[in-house]
């Protein structure tokens, strides 16, 4: 089998940030990295699960809701995939993630979709960890530019 695109990126060359992973037709996949790959620190499953519920809910209720295809966690527990329609600009994708993570960092209410009827593992959540775990990426995105969405921009600096 051919190696998929996400396995062809040197994960030792980048860290916390947001990157365009691939473009397939009208779908743009962003890697939303919350921790450095292979850095020894990973997002816990309960935190990742809570961030997923809040991130997906926020994104699908935002001004960009019609451009969101998917929000979901990476199996390696370093972040999330955000898949959008190509009608959403890079600037808007950065804004959406920044606004979503700010929302999560300040969230104090019940976790949306957190009942046995709505979720297949509703007991495994950790809002306090989620609120803390979004902070490094939130800080990184404060001055993020569209050029920084390209992996090669980061590779040229290592």
Check: Taking the chain as a Gaussian network, Cα atoms linked when under 10 Å apart, which of 41, 117, 134 shows the biggest mean-square fluctuation?
Finding: 117
Notebook entry, point to check: Helix 90-105 sits at what angle to the longest principal axis of the chain, using alpha carbons and giving 0 to 90 degrees rounded to 10?
Noted result: 30 degrees
Item checked: Spin-label pair residue 139/residue 69, simplified geometry with 7 Å Cα→Cβ offset, distance in nm -> 3.3 nm
Check: Here are some values of Rg/Rh (Cα atoms, Kirkwood Rh): (i) 0.95; (ii) 1.08; (iii) 1.12. Which one was computed from this structure?
Finding: (i)
Notebook entry, point to check: Using r as the Cβ-Cβ distance of residue 5 and residue 61, and R0 as 35 Å, what FRET efficiency do you calculate, to the nearest 0.05?
Noted result: 0.70
Note to self: What would the Debye equation give as log₁₀ I(q)/I(0) for region 1-62 at q = 0.14, 0.20, 0.29 Å⁻¹, counting only Cα atoms as equal point scatterers?
What the structure shows: -0.55, -1.02, -1.21
Item checked: Using alpha-carbon coordinates, inclination of helix 45-60 to the longest axis of the chain, degrees -> 80 degrees
Note to self: Counting only helical runs of four or more DSSP H residues, what would the 222 nm mean residue ellipticity of the chain come to if each run contributes -39,500 (n - 2.57) and the total is spread over all its residues?
What the structure shows: -9500 deg cm²/dmol
Margin query: Taking the number of other C-beta atoms within 10 Å as the exposure measure, put 10, 92, 133 in order starting with the fewest.
Written below: 10, 92, 133
Next item on the list: Over the Cα atoms of region 86-138, compute the convex hull volume and normalise it per residue, giving Å³.
Entry: 106 Å³
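Multiply the residue separation of residue 117 and residue 147 by 0.36 nm, subtract the distance between their alpha-carbon atoms, and state the gained length in nm to one decimal. Write out the running numbers ahead of the final one.
Values: separation 30, 0.36 × 30 = 10.80 nm, distance 4.23 nm.
Length difference between fully extended and current span is 6.6 nm.
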Item checked: Cα→Cβ-extended label distance, 7 Å offset, between residue 109 and residue 76, nm -> 3.5 nm
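Readers should treat all values here as calculations from the given coordinates under stated rules, not as data from a laboratory. Being a predicted model, the structure only gives us computed values, none of them experimental. Note: ideal-geometry Cβ built from the backbone for every residue, glycine included; neighbour counts use all protein chains shown.
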